[in-house]
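Reviewing the structure listed below.
The values are calculated or read from the model by the stated rules, or taken from the named source; none is laboratory data. All values reported here derive from a predicted model rather than from experimental measurement. Note: ideal-geometry Cβ built from the backbone for every residue, glycine included; neighbour counts use all protein chains shown. Note: areas computed on protein heavy atoms with side chains; ligands, DNA, RNA excluded. Shrake-Rupley method; radii C 1.70, N 1.55, O 1.52, S 1.80 Å.
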Amino acid sequence: MFYISTAIDYTNGAPHIGHAYEKVLADVIARYRRLAGDEVHFLTGVDQHGQKVQQTAEKEGVNPATFAQRNTKKFIKLWDKLDVKYDGWAETMDERHKACVQKILSKLHAEGQIYKKQYKGYYSIRQEQFLTDKERDENGEFGAEWGEVEERDEENYYFKLSDHADWLRSHVEASEDFVIPSFRKTEVLNAIERASDTDLCISRPKTRLRWGIELPFDTDFVTYVWFDALINYISFAGYLAEDGSELPDFSQVWSTQANVHVIGKDILVPSHSIYWPCMLHAIGIADEQMPSLLVHGWWNIKGEKMSKSIGNVIDPTALAEQFGSETLRYYLVRDIITGKDSDFDADRLVITYNTELANNLGNLCNRALNMSKKSLNSIMEVNDYDDEDSAALRKSLTDAIAGYRSAMDNYDTATALQKLNEHVSFCNGYAERNEPWQLAKDETAHNRLATVLYHMAESCAHISVLLSPVIPEACAKIQSQLRLPELADKKLSELTWGLIPAGHEIGKPKPIFPRIQLEE
Ligand code: MSP
């Protein structure tokens, strides 16, 4: 099983373009893995507990549960709109998740891996964590990234993170794919050094925070939101699930084939690369069953971080309504290199769509179908005619598929799409060089004409399968116009030349990618 999961989004607000990117990226990977023949389980969801949710709910005068559920609906609606098709949905308020978190807490407590102590220190409300002197900047202050910092003196429960530091260091050093891309490994190893002598505070007194999962062994406390949220990756995969829970079989989902959490760079350290593997190690998950972290970069706005206070937050719903949800899906995985940051720019979104989909692919599909209708009555022929340019087109397709696959296997969606786009450009060049509209006027050139149109249409058939993880609806339309709905079930291994059978009658062309006019 190929298990792919994403960070669960905080429900203290509405989804923005960063949330949308992560879910679309994961959805594209999930769809691609299915195409590659893997069985896939794709989990995403929402993070409903914690101080941020409690605080925002209070400001709005509603109870946190109602508030979290209200925002949860906004996420579900957006994923529906963007055709993000998940197999599992994680909500941390779910009783099944709560039961799993409590079982883990009880077990670790009984084993002495969780202990109670008095602690006096500084606490960042924004990051919901205690700060140590290591977090102070060169002036000895806690920087702006920590938000409001207050002094607290309280008793809490701690997880013995430090017991696992040596194991974690060697696991990260030895593992090839614990963090993807690998340039982030140093960041993780440095963070392990910093954290190796500190334990993790996993409780919050109810006097301060009520909105969380109660500790099973001390009802005066709730669970720290990160300890609760991280467990979603296993609770919703069926870990310690009761019979009849309708959750999947954990041993099937959490397999060794591939297990990838898709997260943003801001939550790599310390939560996902330190707390989480140590938690998994503590409950007895084997080294070869540790997940990989696919760490993506951020969408910024004119080089700046998106933030409510700057007022530059981009709403994905409005964009999908204005330009189409597949236009947005395409742009989100095309104009950013997985792992790096990129600048979100609505003009570039339109330009990318117009150039690669409307002008390039749209043009190829229209030409292939139109010309075939006019000069071949839409009946595709396979004959003896062949030439160097047609052989070059077939090679261009083989190369594009190889490039696309190797990029997608490495989660590099931008390069994968570039490879496909290059082949489509080749096909349009091929059409211009061979001029089927001229060949149609010459009866003696019939075989050449049929071959040229076959090569163009066959390329459309291949591209409709290869692009389907990114723009599924448009690809289904191409397949329907080719009258080959069975292409929807093709796996990558079945993509050999000749998807269109000889004598097959294709359908009528209808523009699938109308150009978007850019306003001045
Ligand atoms: N609730 C935690 C995650 C818990 S996972 C066990 C959280 N939520 S979040 O809503 O703040 O962020 C959700 C995801 O969106 C994170 O992976 C984060 O990196 C990602 N992004 C938030 N802003 C982003 C951009 N501007 N660009 C790309 N991704 C961004 O953190």
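Within the bounds of segment 434-449, is there any residue that is under 37 Å from the mean Cα position of the chain (by Cα) and either open to solvent by 10 Å² or more (accessible area, probe 1.4 Å) or in contact (Cβ under 8 Å) with a residue 40 or more places away in the chain (or both)?
The initial filter retains those residues of segment 434-449 that are under 37 Å from the mean Cα position of the chain (by Cα), namely none.
No, segment 434-449 contains no residue that is under 37 Å from the mean Cα position of the chain (by Cα) and either open to solvent by 10 Å² or more (accessible area, probe 1.4 Å) or in contact (Cβ under 8 Å) with a residue 40 or more places away in the chain (or both).
Would you mind finding the one in 98, 52, 59 that is under 19 Å from residue 225 (Cβ atoms), open to solvent by 40 Å² or more (accessible area, probe 1.4 Å), within 12 Å of the ligand (Cβ to nearest atom) and out of contact with any helix residue (DSSP H, G or I) (no Cβ under 7 Å at 6 or more places or on another chain)? Give the steps one after another, and end with the answer.
Numbers: 98 fails: within 12 Å of the ligand (Cβ to nearest atom); 59 fails: within 12 Å of the ligand (Cβ to nearest atom).
When all the criteria are applied, what remains is 52.
Name, by its number, the condition in (1) surrounded by 18 or more Cβ atoms within 10 Å (Cβ to Cβ); (2) in contact with a helix residue (DSSP H, G or I) (Cβ under 8 Å, 6 or more places away or on another chain) that does not hold for residue 250.
The failed condition is (1).
Pairs needed: first member in segment 360-372, on the phi < 0 side of the Ramachandran plot; second member anywhere, open to solvent by 10 Å² or more (accessible area, probe 1.4 Å) and β-branched (Val, Ile, Thr); C-beta distance under 9 Å; at least 6 residues apart or different chains.
Listed by first residue and then by second, the contacts come to 361/512; 362/512; 365/512; 366/512; 372/379.
Somewhere in segment 152-170, is a residue acidic (Asp, Glu), surrounded by 13 or more Cβ atoms within 10 Å (Cβ to Cβ) and under 30 Å from residue 413 (Cβ atoms)? Give the steps one after another, and end with the answer.
First, pick out the residues of segment 152-170 that are acidic (Asp, Glu): 153-155, 163, 166.
Still in the list and also surrounded by 13 or more Cβ atoms within 10 Å (Cβ to Cβ): 154-155, 163.
From what is left, the residues that are under 30 Å from residue 413 (Cβ atoms) are none.
Within segment 152-170, none of the residues are acidic (Asp, Glu), surrounded by 13 or more Cβ atoms within 10 Å (Cβ to Cβ) and under 30 Å from residue 413 (Cβ atoms).
Looking only at segment 282-291, decide whether some residue is of a type in the set (A, V, I, L, M, F, W, C), more than 12 Å from the ligand (Cβ to nearest atom), loosely packed, with under 13 Cβ neighbours inside 10 Å and without any contact (Cβ under 8 Å) to a residue 40 or more places away in the chain. If you could, list the steps in order and put the result at the bottom.
Keep residues of segment 282-291 that are of a type in the set (A, V, I, L, M, F, W, C), which gives 282-283, 285-286, 290.
Narrowing further to those that are more than 12 Å from the ligand (Cβ to nearest atom): 282-283, 285-286, 290.
With the extra rule that they be loosely packed, with under 13 Cβ neighbours inside 10 Å, the set shrinks to 286.
Filter once more, so that each one left must be without any contact (Cβ under 8 Å) to a residue 40 or more places away in the chain: 286.
Checked against the condition, which is being of a type in the set (A, V, I, L, M, F, W, C), more than 12 Å from the ligand (Cβ to nearest atom), loosely packed, with under 13 Cβ neighbours inside 10 Å and without any contact (Cβ under 8 Å) to a residue 40 or more places away in the chain, segment 282-291 yields at least one hit.
Just a yes or no: is a residue in segment 292-310 at pLDDT 95 or above, within 16 Å of the ligand (Cβ to nearest atom), closer than 24 Å to residue 471 by Cβ and open to solvent by 20 Å² or more (accessible area, probe 1.4 Å)?
Yes, some residue in segment 292-310 is at pLDDT 95 or above, within 16 Å of the ligand (Cβ to nearest atom), closer than 24 Å to residue 471 by Cβ and open to solvent by 20 Å² or more (accessible area, probe 1.4 Å).
Just name the residue that is nearest to the ligand (Cβ to nearest atom) out of those in segment 1-39 that are among the β-branched types (Val, Ile, Thr) and under 18 Å from residue 475 (Cβ atoms). Spell out how you get there, then give the answer.
From segment 1-39, those among the β-branched types (Val, Ile, Thr) are 4, 6, 8, 11, 17, 24, 28-29; that's our starting set.
In the following step, the residues that additionally are under 18 Å from residue 475 (Cβ atoms) were identified as 24, 28-29.
Numbers: 24: 11, 28: 15, 29: 14 Å.
Step by step, filter segment 1-39, then rank; the result is 24.
Which numbered condition trips up residue 85, out of (1) open to solvent by 20 Å² or more (accessible area, probe 1.4 Å); (2) over 29 Å from residue 471 (Cβ atoms)?
Every condition holds for residue 85 apart from (2).
Give the residue that is nearest to residue 26 (Cα to Cα), with candidates limited to residues of segment 81-119 that are basic (Lys, Arg) and not in a helix (DSSP H, G or I).
Here is the first cut: in segment 81-119, the ones basic (Lys, Arg) are 81, 85, 96, 98, 103, 107, 116-117.
Narrowing the set further to residues that are not in a helix (DSSP H, G or I) leaves 85, 116-117.
Values: 85: 10, 116: 39, 117: 40 Å.
Applying the filter and picking the extreme gives 85.
Which residues, counting only those in segment 218-235, are more than 10 Å from the ligand (Cβ to nearest atom) and open to solvent by 10 Å² or more (accessible area, probe 1.4 Å)?
Answer for segment 218-235, where residues must be more than 10 Å from the ligand (Cβ to nearest atom) and open to solvent by 10 Å² or more (accessible area, probe 1.4 Å): 218, 219, 220, 221.
Every residue, every condition in (1) in contact with a Leu (Cβ under 9 Å, 6 or more places away or on another chain); (2) among the β-branched types (Val, Ile, Thr), yes or no:
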| site | (1), (2) |
| --- | --- |
| 12 | no, no |
| 18 | no, no |
| 30 | no, no |
| 36 | yes, no |
| 51 | yes, no |
| 64 | no, no |
| 72 | no, yes |
| 76 | no, yes |
| 85 | no, no |
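From the list 123, 115, which one is at pLDDT below 95 and open to solvent by less than 90 Å² (accessible area, probe 1.4 Å)?
123
Between a first residue in segment 263-281 that is over 17 Å from residue 234 (Cβ atoms) and open to solvent by 20 Å² or more (accessible area, probe 1.4 Å) and a second residue that is hydrophobic (A, V, I, L, M, F, W, C) and more than 7 Å from the ligand (Cβ to nearest atom), which pairs have beta carbons less than 7 Å apart while being 6 or more apart in sequence or on different chains?
265/295; 269/188; 269/191; 270/191; 270/195
Within the set of pairs 6+ apart or on separate chains, which have a first residue in segment 22-36 that is in contact (Cβ under 8 Å) with a residue 60 or more places away in the chain and in a loop (DSSP other than H, G, I, E, B), a second that is away from the ligand (no atom under 16 Å from the Cβ) and among the basic types (Lys, Arg), and C-beta atoms under 9 Å apart?
Every condition considered, the pairs that remain are 36/405; 36/491.
Of the residues that sit in segment 183-211 and are open to solvent by less than 60 Å² (accessible area, probe 1.4 Å) and under 27 Å from the mean Cα position of the chain (by Cα), which one is farthest from residue 168 (Cα to Cα)? If you could, list the steps in order and put the result at the bottom.
Our first condition is that a residue be open to solvent by less than 60 Å² (accessible area, probe 1.4 Å); within segment 183-211, this holds for 184-185, 188-189, 191-192, 195-196, 198-206, 209, 211.
Now restrict to residues that are under 27 Å from the mean Cα position of the chain (by Cα): 184-185, 188-189, 191-192.
Working: 184: 15, 185: 12, 188: 10, 189: 9, 191: 11, 192: 8 Å.
For segment 183-211, the residue satisfying everything is 184.
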